[in-house]
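Notes for the one structure printed next.
The values are calculated or read from the model by the stated rules, or taken from the named source; none is laboratory data. All values reported here derive from a predicted model rather than from experimental measurement. Don't worry about glycine lacking a Cβ; one is built from the backbone with ideal geometry, like all the others, and counts go over all protein chains shown.
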Amino acid sequence: MKDNISELKAILGKKFAGNKARLDCFSRMLLALFKVRTVNLSEIAVGFEAKASVESRYKRLYRFFKQFEMDYPRNRS
């Protein structure tokens, strides 16, 4: 699993600017999302590969999305 995280971080690092900790969190979250097949943060926290407790993982994911901003393209009609 560690190799998957490193590989995904390398790929995403080329496309997204940001600090390494957020990129690591995003990579782990994506892999957990594929594993648990739900967008429920509690479920993703269980599938999130980390040494921290499930509660700590949940808080990390919550903080990630709390600070996350999506730049939506505007439709020009």
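The residues on offer are Tyr62, Tyr58, and the sole one that is in contact with a helix residue (DSSP H, G or I) (Cβ under 8 Å, 6 or more places away or on another chain) and surrounded by 14 or more Cβ atoms within 10 Å (Cβ to Cβ) is Tyr58. Residue pairs whose Cβ atoms lie under 6 Å apart, sitting 6 or more positions apart in sequence or on different chains, and linking a residue in the stretch 45-57 that is free of Cβ contacts under 8 Å to residues at least 12 places away in the same chain to a partner that is exposed (fewer than 12 other Cβ atoms within 10 Å of the Cβ) and not charged (D, E, K, R), do not occur here.
Please enumerate the residues belonging to the stretch 53-77 that are of a type in the set (Gly, Ala, Ser) and modelled with pLDDT under 95.
Residue satisfying the conditions is Ser77 alone.
If the condition is being under 20 Å from Lys66 (Cα atoms) and either surrounded by 15 or more Cβ atoms within 10 Å (Cβ to Cβ) or touching a residue at least 40 places away in the same chain (Cβ under 8 Å) (or both), then the stretch 1-29 contributes Arg22, Leu23, Asp24, Cys25, Phe26, Ser27, Arg28, Met29.
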